[in-house]
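I have placed the structure first, in the form of structure tokens, so that the comments after it can refer back to it.
No lab work stands behind these numbers, since they all come straight from the coordinates. Here the structure is a predicted model, which means the values were calculated and not measured. Here the Cβ positions follow ideal geometry from the backbone for every residue, glycine too, while neighbour counts run over all protein chains shown.
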Amino acid sequence: MNKPNHAERNKRRQGPRSKGLLGWLGARTWIAWALLGVAALAGIFLFAGAVLGPKTGPRVSFKQESFDYGKVPYGQTVQAVYELRNTGDLPLKVEDLSVKVVEGC
């Protein structure tokens, strides 16, 4: 029986040569995992953009923007209720209200 030389003994001790991770899993598997990771990150960023996206600020909208009282005799008091709603995505502060009275013919 022949004795194995020094290089053959070292091969047996080390086992099969490792090809690294790329060789072990294969290039197609790595590409598939990379694409899956990119898709997952894109999904996370799209979801975060939809939920945490840019704020437009407060926005006021009125149910009715003006009232027409017709002819009102001098000295008679009239009143109106304006309903307003914040349709924006940040809080709306109402600090100073002013009413513009327009006199018509």
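Computed quantities for the displayed model
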{"item": "Total formal charge among the other residues, if their Cβ is under 14 angstrom from that of VAL60, Lys/Arg +1 and Asp/Glu -1", "result": "-1"}
{"item": "Pairwise FRET efficiency - ASP89 versus ALA34, Cβ, R0 = 35 Å, nearest 0.05", "result": "0.45"}
